[in-house]
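Here is the structure we will look at.
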Amino acid sequence: MNTDVAPLVRKLIFKIVLFQAALLPVLTVMSVLTTSHFKQRLATHITDTARESLLAGDTRRAIFELQKPVLSDFTGAVWEQKGSTQKFSIPQHLKVPDLLFHGFVSASLFFDEAESQNAGELKFYYNRWGSIFWAVLVWLVIVALSFPIGYREKNRLIREYQLLFDLQKKESFEHVSAQVAHDIRSPLTALDAALKNAAQMPEEQRIILRHAVNRIRDIANNLLEKNRQQSKAASNADSIMGIRSTAIEPPAVCLLSSLVDPVVTEKRLQFESKPGINIDFELTAASYGLFAKIQPVEFKRLVSNLVNNAVEVLGDKGVVNVGLAHEGEKIILAVADNGKGISPEILAKLGQRGETHGKTGGSGLGVFHARTTAEGWGGSLGITSELGKGTTVTIKLPVAEPPAWFVSKLELPSGKTVVVLDDDESIHQVWRGRFESARVKEHGIEVYHFSEPDKLRGWVKNNPGTAESAVYLFDYELLGYKETGLSLAEELDLGGKTILVTSRYEEKRIIEGCERFKIRMIPKGLAGLVPITAASSVQRIANSEEIEKKTIDSTPASGVEVLLDDDALVHMTWKMSARNNGITLKAFKAPVEFLSSLEAFPKDTPIYLDSELGEGLKGEDIAKDLWEKGFTGIYLETGHPPERFSHLPWLKVIGKEPPWGNNSY
């Protein structure tokens, strides 16, 4: 028995023994009282049968009537006549029993119905040990039954304790695993950044370093994936179906690199027994921020099948390269191998049901499934091959708008201050390298680095002016501190100015927190890839606000588009996009200011409203008023899903990104 549960078992046994010890006197008292009550009623009934004989003083007849019922239910009885020494007993020479072992009940007789004239009293004696015997017998039965019940309860207690212990152990392991995976991400990002600048390193050393980086990434991905699966299993038993449940999986806008990376990790582990096979997936600037509307589990299955196909045709030696890039409005996922290649005759048939190549027992369903799945998402599948050089399978998918929380580009106006908070020095080094490459100092941009929440609080308190206009890059998890990047942003009122840099960007709770405080995120593994600009064109926005205002105010209302949003970052983004697309944009932060200028705009003016306007104001409420006034071009720019506003069929719901064609700003 586990030493930790032994005291609990002893406590259980003590409670059972205490219960049994208390039960015996309780049963005894109850038995005695019940017997006394029963004997009293019986004595009254027997006395009534000889009532007339006793009142008439006919002793002989009374004894005859009482003899049988008394001796059948009592030890004996004694009659004492009131006001007379006349008495008799049954049996004749009855001695008054010892009251320690015997009890008695009495029944009185009266000459009148008012019971005012007492004729005498008949006492009945009985053995009280009979009732005690039955009490002890019942108690022994209960004790006998308590042994198997107690044994069962003891085993249940041990089982539950063991389950609780195992659960706590598992939760502890999961917590440590998640923390390790999180901590690995920071040095991994630093290694990735260093590897990209290792052109002078000998090729052999670069290959060794790349493999080491891939192995570290595999460990982190494996730990994170296990934790995700366990969390889903705990909250939804349907996830046990895993890949088999994809038939009803709803499409979702997903970051493709976050899906491809763990699949490549899985494949490396799967084919560890083939040391000559190298499976590589390198994140580049071209693969940053590529979102597509897909079914995530089905997409993983697709990538897994394509990599399996590539490995199986290689045999025991070869390279599989998985690439992710984009061309215009299409995302390109490529799985290439350096195998024998495929002849043009066979290549023309691949992708059709039942057509396969290079695999013993292959059914041809893998490539067919990949093609039909990609087409179901609005994409396509293509295969190119050259004999003796290898084969490349290319999946093209439509680019989807990134979610509102995602930072597509980190734009830093000249003179801006950037504050980095992370508990890992290696991630600070990554940001230093990124900002140095972007030459932010030449644009007057200062960067402050903090590792402790208290030092950040002190800086914000001592530099209120600078803190108000700064951009904040916060890690979510801060090792050794109860605060998170999200809680600090809330505490210091930095919501619209903060960007979380975290590997936990897919967690629903964190996404909801970011939406609540208007915080955006950068996946920590992509920190080395996010585009950073510090161009003077961004600064000109701030310098030309007054000129722009005069230009718009002097422009006829026709041809102007309107934005109402309380977020300064949204204003900056939309103004830059409008400038690039030749759009005249009139932007408002306050509803009062917007409504006071409403009469200047035609009814068909495109009007873009944020759903959350602060202080409890809702964009959809203003949209309803505009609709009732006859405005027709009403749009809600929000991170909320369109289904939330299905009750307003005339309202067009779009994302937080500008709606115009060229958003390369």
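Any chance you could look up the accessible area of residue 169 with a 1.4 Å probe, heavy atoms only, rounded to 10 Å²?
Using a 1.4 Å probe on the heavy atoms, I get roughly 130 Å².
How charged is the neighbourhood of residue 35? Take every other residue with its Cβ under 13 Å from the Cβ of residue 35, and add Lys/Arg as +1 and Asp/Glu as -1. Can you show the working numbers first?
On the way: positive: 39, 41, 128; negative: 73.
With Lys, Arg at +1 and Asp, Glu at -1, the net is +2.
Quick check on region 561-605: what does the Kirkwood estimate of hydrodynamic radius come out to from the alpha carbon pairs, in Å?
11.1 Å
Once you sort the root eigenvalues of the Cα gyration tensor of region 426-493 as a ≥ b ≥ c, which label holds: rounded (a/c under 1.5), prolate (a/b larger than b/c) or oblate (the other case)?
Details: a/c = 2.38, a/b = 1.33, b/c = 1.79.
Note, shape of region 426-493 comes out oblate.
Say a paramagnetic label sat at a point 7 Å from the Cα of residue 36, along Cα to Cβ; which residues of region 116-133 have their backbone N under 17 Å from it?
123-133
Long-range amide H contacts for residue 419: which residues qualify at under 5 Å (H placed 1.01 Å from N, peptide plane, sequence gap of 5 or more or a different chain)?
Long-range HN contacts for residue 419: 448, 471, 472, 473.
Hand me the chymotrypsin sites (Phe, Trp or Tyr not before Pro) from region 39-105 located in a DSSP loop with no more than 15 other Cβ atoms within 10 Å, in residue order please.
Passing sites in region 39-105 are 101.
Give the lysines whose C-alpha is closer than 27 Å to that of residue 618, dropping any in the same chain fewer than 8 places away, or say none.
497, 508, 518, 549, 575, 586, 589, 603, 629, 652, 656
Heavy atoms only, 1.4 Å probe, whole protein assembly: order 277, 583 by accessible area, highest first.
Greatest to least solvent exposure: 583, 277.
By the scheme Lys and Arg +1, Asp and Glu -1, what is the net charge of all other residues having a beta-carbon under 14 Å from that of residue 334?
Working: positive: 330, 396; negative: 280, 282, 327, 337.
That works out to -2.
How would 442, 599 rank on accessible area, largest to smallest, probe 1.4 Å?
Result of the area sort, largest leading: 599, 442.
Return the Rg/Rh value of region 20-170, two decimal places, where both radii are evaluated on C-alpha atoms and Rh is the Kirkwood radius.
My calculation puts Rg/Rh at 1.35.
Over its Cα atoms, what ratio of radius of gyration to 2.2 N^0.38 Å does region 368-493 give?
With N residues counted in region 368-493, Rg over 2.2 N^0.38 Å equals 1.59.
Using a cut-off of 18 Å between alpha-carbon atoms, which lysines can reach residue 441, once sequence neighbours fewer than 8 places away in the same chain are excluded?
By straight Cα distance, residue 441 reaches 416.
Which percentage, to the nearest 5, of the DSSP beta bridges contained in region 561-662 is antiparallel?
Close to 5 percent.
Please identify every one of the chymotrypsin sites (Phe, Trp or Tyr not before Pro) in region 448-488 that sits in a loop by DSSP and has no more than 16 other beta carbons within 10 Å of its own beta carbon.
Values: sites: 448, 450, 459, 472, 474, 476, 481; in loops: 476, 481.
Taking region 448-488 and a limit of 16 other Cβ atoms within 10 Å, the loop chymotrypsin sites (Phe, Trp or Tyr not before Pro) found are 481.
Roughly how many Å² of residue 30 are accessible to a 1.4 Å probe, to the nearest 10?
Accessible surface of residue 30 is approximately 110 Å².
Using each residue's phi in region 379-394, evaluate 6.51 cos²θ - 1.76 cosθ + 1.60 at θ = phi - 60° and report the 3J(HN,Hα) Karplus result to the nearest Hz, with x for Gly and Pro.
Listing the rounded values in order: x, 8, 10, x, 10, 10, 7, 9, 4, x, 10, x, 10, 10, 9, 10 Hz.
Could you give the radius of gyration (one decimal) and Dmax (whole number) of the Cα atoms in region 561-665, in Å?
12.9, 36
The values are calculated or read from the model by the stated rules, or taken from the named source; none is laboratory data. Just so you know, these numbers come straight off a predicted model, no measurement behind them. All Cβ positions, even for glycine, are placed from backbone atoms using ideal geometry, and neighbour counts span all protein chains on display. With ligands, DNA and RNA removed, areas are computed over all heavy atoms of the protein, side chains included. Shrake-Rupley method; radii C 1.70, N 1.55, O 1.52, S 1.80 Å.
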